[in-house]
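Enquirer: Supplied in structure tokens, the structure appears directly below.
The values are calculated or read from the model by the stated rules, or taken from the named source; none is laboratory data. On a predicted model such as this, the values are computed, not experimentally measured, just so you know. All Cβ positions, glycine included, derive from the backbone under ideal geometry; neighbour counts span all protein chains shown.
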Amino acid sequence: MIARRPPGRTGWVRRRSLRARLTAAAVAVVVVAISLSAVLLVVRLESALVGGVDEAARDRAERIAAAIGSGRSTESLLAVGDDEVVQVLDADGAVLASSVGVPGGRPLLTAPADTGPEVVTQDGLALPGEEDEVYRVFTLPAPAPDGERVVVQVGLPLDDVEDSVEELTSALTIGAPAVVAVLAVLTWLLAGRALRPVEALRREAADIPGDALDRRLAVPAGGDELARLAATFNALLGRAEGATRRQREFVADAAHEIRSPLASLRTQLEVAALHDDPSWRDQLPALTEDAQRLSRLVDDLLRLARMDARVPLARDQVDLDDLVLEAAARARRHTTLHVDTSAVSAARVTGDRDALARVVQNLLDNALRHARTTVSVGLVATDRALLTVADDGPGIPVEQRQRVFDRFTRLDDARSRDVGGTGLGLAIVRDVVRQHGGEVHVEDAAPGARLVVRLPVTG
């Protein structure tokens with residue numbers, strides 16, 4: 001047997017997983033931000049400190065060059081602090097003066113070409129009695145009193161810069177993880193607090209049974225995202241409740257409509273079976289009419305069920321005028337009313353031919369049931385195909401012109417003399433037209449009613 005995880009535990013795991021993902025995402029953003037900021041801070045600090053060393057070396061070199069150019073002694077200028085190096089070289093690179101004793105008079109600092117002031121970093125400068133250090137060397141050509149050119153070089157150590165950068169790096173190495181850890185804990189706590197109302201909504205929604213769709217979630221105050229989520233879910237419940245109610249009403253109405261012709265058929269057949277009378281054959285037209293009505297009702301129910309199930313429609317090019325003329329020709333064979341098609345012109349649409357033929361037939365059947373003398377059909381194509389079917393009957397009251405498209409709707413006024421109708425014809429018309437991207441409405445024909453269908457034409 002496979003053990004099932006308790007619902008509460010499952011919800012907790014999912015909640016924890018979302019909480020962990022939110023925390024991980026926040027920590028990742030913070031880590032990237034702190035890392036980039038730390039690198040930028042170290043680089044900027046090192047650049048600023050090295051720039052300060054360069055300025056100090058330049059100032060010292062310019063003062064020595066000015067003293068040499070004026071013929072003054074440079075002895076005092078060569079007296080420098082610890083770890084600082086000052087050298088004066090001739091054009092051949094020989095040491096003329098130096099702040100440190102150098103065996104053999106060799107230059108300690110790199111002597112670049114005589115191209116102007118230049119600053120470089122020199123590694124491994126070994127002073128007498130000192131370890132190799134990194135120096136920032138500023139080189140400045142200067143004129144001598146005898147007309148020759150000399151080169152003044154000032155080297156300042158970078159050990160203070162390196163120490164400062166190392167201290168900052170160490171502080172960031174220790175402090176940044178601590179900051180990230182604190183932010184991770186805060187994010188974890190805040191994420192849990194933010195998700196707590198969502199979990200409360202989830203539990204409330206889980207407690208709504210399938211047969212109690214009239215219940216609604218409590219909408220939190222404040223109008224924030226959580227309140228909008230609850231309102232959206234309540235709207236979804238409302239739509240589900242409405243769809244369920246309509247489905248139940250549809251099933252009840254369908255059962256009622258099917259029961260009547262079935263009961264009539266059963267009664268007439270039982271009577272014919274009990275009476276050995278040849279005259280029962282006279283009842284065949286009535287039996288046939290009931291059977292046809294039942295067949296039409298089943299066809300209508302099947303078509304509505306297919307539309308409710310979102311069965312895709314065919315997408316063919318259909319000559320709507322052909323469907324109208326064919327339906328009018330069939331109607332003339334079964335009625336004494338005048339069916340006027342003089343206003344029918346060519347119109348081509350894209351859609352399901354059978355479904356559109358059912359739309360035309362239902363509109364004609366509805367008009368024929370209520371017309372006194374004439375049914376007028378019109379069709380014209382402009383930016384849309386406009387199909388009109390009008391009768392000269394009692395008309396449809398304005399307040400009823402939306403309700404006539406509801407399923408199993410029959411009006412209670414003079415227009416209710418609907419013989420053989422099931423109240424599904426116009427409902428099918430509305431649903432099929434909407435599936436084809438069109439619209440249908442009722443107008444006053446004075447006298448009578450005019451049903452108007454607009455459909456997109458084929459481009």
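Enquirer: Look through Arg16, Arg58, Arg21 and report the one residue that is modelled with pLDDT of 80 or more, basic (Lys, Arg) and assigned by TED's automatic domain parsing to the domain that holds Trp188. Explain how you work it out, then say what you get.
Expert: Numbers: Arg16 fails: modelled with pLDDT of 80 or more; Arg58 fails: assigned by TED's automatic domain parsing to the domain that holds Trp188.
Exactly one of Arg16, Arg58, Arg21 is modelled with pLDDT of 80 or more, basic (Lys, Arg) and assigned by TED's automatic domain parsing to the domain that holds Trp188, namely Arg21.
Enquirer: What is the number of the single condition among (1) modelled with pLDDT of 85 or more; (2) of a type in the set (Gly, Ala, Ser); (3) over 30 Å from Leu41 (Cβ atoms) that Ala212 does not meet?
Expert: (1)
Enquirer: Could you grab me the full set of residues in the stretch 148-162 that are farther than 15 Å from Asp92 by Cβ and among the acidic types (Asp, Glu)? Walk me through it before giving the result.
Expert: To start, the set of residues in the stretch 148-162 that are farther than 15 Å from Asp92 by Cβ comprises 152, 154-162.
The answer is Asp159, Asp160, Glu162.
This table checks each residue for (1) within 14 Å of Asp391 (Cα to Cα); (2) of a type outside the set (A, V, I, L, M, F, W, C); (3) not in a strand (DSSP E or B).
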residue	(1), (2), (3)
Val339	yes, no, no
Ala346	no, no, yes
Val349	no, no, no
Leu356	no, no, yes
Val359	no, no, yes
Leu363	yes, no, yes
Ala367	yes, no, yes
Val375	yes, no, no
Gly378	yes, yes, no
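Enquirer: Any idea how many residues of the stretch 209-220 are exposed (fewer than 15 other Cβ atoms within 10 Å of the Cβ), aliphatic (A, V, I, L, M) and within 13 Å of Gly238 (Cα to Cα)?
Expert: 1
Enquirer: Conditions: (1) part of a helix (DSSP H, G or I); (2) within 30 Å of Arg63 (Cβ to Cβ); (3) not aliphatic (A, V, I, L, M). Glu166 meets all but one. Number of the miss?
Expert: Just one mismatch for Glu166, condition (2).
Enquirer: Go over the candidates Val318, Val380, Val349 one by one and state the one that is at pLDDT 90 or above, surrounded by fewer than 21 Cβ atoms within 10 Å (Cβ to Cβ), over 22 Å from Leu424 (Cα atoms) and in the same structural domain as Leu424 (by TED's automatic domain parsing). Spell out how you get there, then give the answer.
Expert: Details: Val318 fails: surrounded by fewer than 21 Cβ atoms within 10 Å (Cβ to Cβ); Val349 fails: surrounded by fewer than 21 Cβ atoms within 10 Å (Cβ to Cβ).
Unique residue meeting the criteria: Val380.
Enquirer: Another one. Inspect the stretch 186-204 for any residue being outside the structural domain of Arg245 (by TED's automatic domain parsing), within 30 Å of Val43 (Cβ to Cβ) and part of a helix (DSSP H, G or I) and give the result as yes or no.
Expert: Yes, that holds for at least one residue.
Enquirer: Name the pairs: first residue in the stretch 162-185 and under 14 Å from Val39 (Cα atoms), second residue surrounded by 14 or more Cβ atoms within 10 Å (Cβ to Cβ) and charged (D, E, K, R), Cβ to Cβ under 7 Å, at least 6 apart or on different chains?
Expert: So the pair list comes out as Val165/Glu46.
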